[in-house]
Amino acid sequence: MIHEKVMLPVQYRAEGVENNNFNPYMTTYILDNYAEFSTGRKRPVIVICPGGGYEMLSFREAEAVAIKMNSLGYHACIVWYSLKPMTFPASLLDLAEAVYYIRCHADEWNIKKDGIVAAGFSAGGHLAASLGVYWNTSLLRKYLPYSAELIKPDALFLGYPVITAGEFAHKDSIRNVLGNTENYTKADVSLETLVTKDVPPVFMWHTDEDTCVPLENSLLFAAACRRAGVPLEFHVFRRGCHGLALATPETAWPDGNGVQPECAVWPQLFADWLNNL
């Protein structure tokens, strides 16, 4: 396995985008090939953005998820992106840099062509979805010298994502991702209004009982994807609080909460979807 820390460029600082002088980075969980059974195998890579309201990053939604993805036969990377205090679009540019780096190493890391999945939970889901709506727009061309095809995610995985800046917004996430910018507004981070036919295929799940980031966030994004003709698989589980991660004892909180067996099926549902995409 290639397990290393990769520092990501912060060339956007020259354009006046602030990120509190944080140095974003990525940790890799790249599976090896073996002559015995996997010579020449190419695998998708799941690029994981942990949640945390753009204020912190949840370790519960990081390495345990990466290892689970490895167990399903996928490479994984975790992006440790910029947090408050910052100005939009610092964290989005971090993720774009990560996708660019991964794509440039696709042959070396035996990554499947068209197999880069931007994945995120909660605010990390907002970040992954942001790349999904912005990958081929002037916003990213303004700050990055890469062609759109080099930073494009080939699919999106969104777990109980923050989506909207409207009525059902997770207000802290929206406030933190925008920061003190004078150049962008809530309209620029209310993602359900930015969906086009160019958004890559989406796998998404949420719970009806989520009171932190209401289900309406996912419903709004799903409806927008339907209108735009974006391929979509969307699962709504009746029970379960926000922030379930794997929904198993592996990612439970110290008090034992966060175990929801009926939600713990999501990794296999996701794998079945991705393998047939």
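The values are calculated or read from the model by the stated rules, or taken from the named source; none is laboratory data. This is a predicted model, so every value here is computed, not measured. Using ideal geometry, Cβ is built from the backbone for each residue, glycine included, and neighbour counts are taken over all protein chains shown. For accessibility, only protein heavy atoms count, side chains too; no ligands or nucleic acids. Shrake-Rupley method; radii C 1.70, N 1.55, O 1.52, S 1.80 Å.
Taking all protein chains in place and a 1.4 Å probe, what share, in percent, of the accessible surface of the chain do carbon and sulfur account for?
After summing per-atom areas, the C and S share lands at 50 percent.
Counting other Cβ atoms within 10 Å of each Cβ, which GluC sites (Glu not before Pro) in the range 92-151 have at most 14 and sit in a DSSP loop?
Sparse-neighbourhood loop GluC sites (Glu not before Pro): Glu108.
Hey, can you find the accessible area per residue of the chain for me, probe 1.4 Å, expressed in square angstrom?
Heavy-atom SASA per residue in the chain reads 42 Å².
Could you tell me which of rounded, prolate or oblate describes the range 1-107, using a ≥ b ≥ c as the square roots of the eigenvalues of the alpha-carbon gyration tensor, with rounded for a/c under 1.5 and, failing that, prolate when a/b is larger than b/c and oblate otherwise?
Note, shape of the range 1-107 comes out prolate.
Thr196: accessible area at probe 1.4 Å, nearest 10 Å²?
60
Report the extension gain between Asn21 and Leu277 in nm, rounded to one decimal, defined as 0.36 nm multiplied by the number of residues separating them, less their alpha carbon distance.
88.3 nm
Taking R0 as 35 Å, what FRET efficiency do you get between Arg238 and Asn136 from their Cβ-Cβ distance, rounded to the nearest 0.05?
Step by step, r from the Cβ atoms, then E = 0.45.
Given [x] -0.41; [y] -0.33; [z] -0.29 as candidate values of log10 I(q)/I(0) by the Debye sum over Cα atoms at q = 0.08 Å⁻¹, which corresponds to the one derived from the coordinates?
Correct label, based on the coordinates given: [z].
Give the relative contact order (percent, whole number) for the range 1-107; include only Cα pairs under 8 Å separated by 6+ residues.
Over the range 1-107, the number comes to 33 percent.
Taking the mean number of other Cβ atoms within 10 Å as a proxy for protection, how do you rank 36-47, 125-136, 11-22, 83-94 from highest to lowest?
Taking the mean over residues of other Cβ atoms within 10 Å, the ranking is 125-136, 83-94, 36-47, 11-22.
Which trypsin sites (Lys or Arg not before Pro) from the range 212-277 combine a DSSP loop assignment with at most 15 other Cβ atoms within 10 Å?
Answer in residue order: Arg238, Arg239.
Given a 1.4 Å probe and heavy atoms of the protein chains only, how would you sort Thr164, Thr181, largest accessible area at the top?
Thr181, Thr164
What is the gain in length, in nm to one decimal, between Thr211 and Asp255 on full extension, counting 0.36 nm per residue of separation less the C-alpha to C-alpha distance?
Contour length minus the Cα-Cα distance gives 13.9 nm.
Applying the Karplus parametrisation 6.51 cos²θ - 1.76 cosθ + 1.60 with θ = phi - 60° to the phi angles of the range 9-17, what ³J(HN,Hα) value in whole Hz is obtained for each residue in order, glycine and proline being reported as x?
With the stated coefficients, the range 9-17 comes to x, 10, 5, 5, 4, 5, 9, x, 7 Hz.
Thr211 accessible area, nearest 10 Å², 1.4 Å probe?
Here the accessible area works out near 130 Å².
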